[in-house]
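The structure under discussion appears below in the form of C-alpha cells.
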Amino acid sequence: MSKSISIAVVGSGYVGLVAAACFAEMGHQVICVDNDEKKVEMLRAGGVPIHEDYLPELLARHANQTLKFTTDLRAATQASQVIFIAVGTPQSKTGSADLSYVDAVASEIARSIDDYKVIVEKSTVPVYTNEWIRRVIERNGVPRDLFDIASNPEFLREGTAVVDFLHGDRIVVGADSERSSGLLASIYEPLSSGSYYVSEQAVPGFRTLDNPTPVLRTTTKAAELIKHASNAFLAMKISFINVVGNICEAVGADVEQVAQGIGTDSRIGPKFLKAGIGYGGSCFPKDVAAFRYVGEQLGVDFGLLAEVEKINAEQKKRFFQKVRSALWTFRAKRIAVLGLAFKGGTDDLRDSPALEIIDLLLKEGSIVTAYDPAAMERAKAVLPPSDTMRYAADSYAAAQDADALLVLTDWQEFAELDLDRMHYTLRYPIVIDGRNLFDPVTMLQRGFTYLSIGRMG
Ligand code: UGA
C-alpha cells in the first residue's frame, strides 16, 4: 500500500481539478483551492464544471471526503506537504505567458509556510519560472531549507484528461533536491508501480491498463522545457502534415496514405498526423507562441515555430477558399456548419478553427446554421443567435435546405451520419469536410460534391 500524502492543488481549471480528483483516487488527502467562491460552492454541492469523461464519477467518489474544496489558500498550504500550482498562464499581448497568477499564488503560499513544503508548478510555464517562484518565496522571508520548488507538467488532452492522467506515457518529476524529488515521486507511486486500478464498479467502462507508467526524474528546468517542447513538437507535426496535404492536393495524391506511410516509421510515429483545418484549443496556440518567445528572450532563433504558426493560420484561410471554390459567391447562401468546438469530445471553443471560419462566412453575408453535440450553449455566448447565425438541434436540422454542409470538428457522430438522409436534406449535396471524416469515393458514389483536405475530393 502506498503512502497517503497531504496535497493542495491551487486552481480548479481542467488541469487542477482533474489532478485533484485523480490524486484523491490514488489514495491521497487532497484540498483543491480556488478563489472563485461560486465554483467552490458548486464543487462542494457535487457539481461538475467541465465536460470531461470519468470526472463526474471520480468527484462523486471523493468530493467532501478525501477531496475537499476551499477558497482558503493559507489553511490549505498549512495542511499540506506538497502544493501544486495549477492556475492559468494565459497568453499576454507579446505572446509570452502571463505569469501574474502564478506570482500572486506563490506570494500567498510563502506567507503561510511554517514547515517544509514542496511547491510544484503544474501549469504550463516557461523555463526559469521555478527560479522566480523561489525568489518570490525567499523575498517573503521563508528560509531556503523550509521549501523546495519542483516542476511536474501534465500531458492531459481535453476530453480524455482522466485517462491520460492515470495512464500517461510518462510522469515527469523535475526537482533539484533528493528530498523534493523523492516526495513527488512517492505521490505517483501507485501509477509507477502499476499497483493502481480504478475499479470497474466505481467507474464503469474505465480503461485499466496493467503497465506501470515510467517516471522521468529531471531537473526543474528540463521539466519546464519538456512541456513546452512537447506541445510545440506536436503542433509542428500538425502543421507539417497540413502542408504535405496541400502538396497532395496539388499533385492529386491522398494525404491519408502519405501520413500512414510516414507514420509507420517508428521514428516518426502515426499520431498527430491528421491533416485538417489547423490546431486550436487553449494549449497549442498559446504554448507555441510562448515557447517562441522564450527563444527570443534567450537570443535563440526559433523561426521554425513562427512558421508552424503561419501555416496554421493559413490553413483556415485556405479552407475558406475551398468553400468559395465550391459556392462561388457567399451572400445570402445558407451554410450548414457541423462542429463548433476546437476538437471532438469537448465543449471548449477557445481558439477553435470553426469559429474563425464561421466569422469569415458571416462577414461575406452567408446565413449560417450550426450544430455541435456539446458546445452550442457556449457558442451562443460568443456568437449570439441572430437572423444570420442560427443554431439547430441536430445535424440534419442544420442541413435543412442548405446550399452546402461544412464539417469543422471531428465528432464521431458526424462520421456516422446517414449520408442518404443528408443528401436529400441539403438543397445542394455539397459537403466540404475540414476533418476528412468521409471517404471521397463513397461520397462521390452517393452523389455528393465532396471536398476535403489533402485529397482529390
Ligand atoms: C494538447 C496536448 O495534446 C496535451 O498533451 C497537452 O497536455 C495539452 O495540449 C495541454 O497543454 O494542456 P488538447 O489541447 O486537449 O491537448 O488537444 P489535442 O487533442 O492535442 O488537439 C489540439 C488541436 O490539434 C485540436 O484542434 C485538434 O483538432 C488538432 N489536431 C490534433 C489536428 O489537427 N491533427 C492531429 O493529428 C491532432
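The values are calculated or read from the model by the stated rules, or taken from the named source; none is laboratory data. Please read these numbers as outputs of a predicted model, since none were measured by experiment. Backbone-built Cβ (ideal geometry, glycine too); neighbour counts: all protein chains shown.
Are any of the residues in segment 139-162 of a type in the set (Val, Ile, Thr), assigned to a loop (DSSP other than H, G, I, E, B) and buried (at least 22 other Cβ atoms within 10 Å of the Cβ)? No; the residues of segment 139-162 include none that is of a type in the set (Val, Ile, Thr), assigned to a loop (DSSP other than H, G, I, E, B) and buried (at least 22 other Cβ atoms within 10 Å of the Cβ). The residues of segment 86-103 that are part of a loop (DSSP other than H, G, I, E, B), closer than 17 Å to ASN130 by Cα and of a type outside the set (Ser, Thr, Tyr), listed by number, are ALA86, VAL87, GLY88, ASP98, LEU99. If you go through segment 65-85 and keep only what is part of a helix (DSSP H, G or I) and either within 27 Å of the chain's Cα centre (by Cα) or outside the structural domain of MET42 (by TED's automatic domain parsing) (or both), you end up with just LEU73.
ARG378 is checked against (1) of a type outside the set (A, V, I, L, M, F, W, C); (2) more than 25 Å from the chain's Cα centre (by Cα); (3) surrounded by 15 or more Cβ atoms within 10 Å (Cβ to Cβ) and fails just one. What number does that condition carry? Single failed check for ARG378: (2). Of the helices (runs of 4 or more DSSP H) contained entirely in segment 371-457, those carrying at least 3 residues that are in contact (Cβ under 8 Å) with a residue 40 or more places away in the chain fall at 395-399, 412-415. Would you be able to say whether some residue in segment 318-335 is part of a loop (DSSP other than H, G, I, E, B), in contact (Cβ under 8 Å) with a residue 12 or more places away in the chain, more than 11 Å from the ligand (Cβ to nearest atom) and of a type in the set (Lys, Arg)? Yes, some residue in segment 318-335 is part of a loop (DSSP other than H, G, I, E, B), in contact (Cβ under 8 Å) with a residue 12 or more places away in the chain, more than 11 Å from the ligand (Cβ to nearest atom) and of a type in the set (Lys, Arg). If only residues of segment 245-277 that are surrounded by fewer than 18 Cβ atoms within 10 Å (Cβ to Cβ) and within 13 Å of the ligand (Cβ to nearest atom) are counted, the one that is nearest to PRO440 (Cα to Cα) is GLN260. Selection of segment 283-317 for residues being within 16 Å of the ligand (Cβ to nearest atom), within 27 Å of SER452 (Cα to Cα) and touching a helix residue (DSSP H, G or I) at 6+ places or on another chain (Cβ under 7 Å) yields CYS283, PHE284, VAL288, LEU305, VAL308, GLU309, ILE311, ASN312, GLN315, LYS316. Evaluate the following for GLY168: is it modelled with pLDDT of 90 or more and either outside the structural domain of GLY27 (by TED's automatic domain parsing) or of a type in the set (Gly, Ala, Ser) (or both)? It is true that GLY168 is modelled with pLDDT of 90 or more and either outside the structural domain of GLY27 (by TED's automatic domain parsing) or of a type in the set (Gly, Ala, Ser) (or both).
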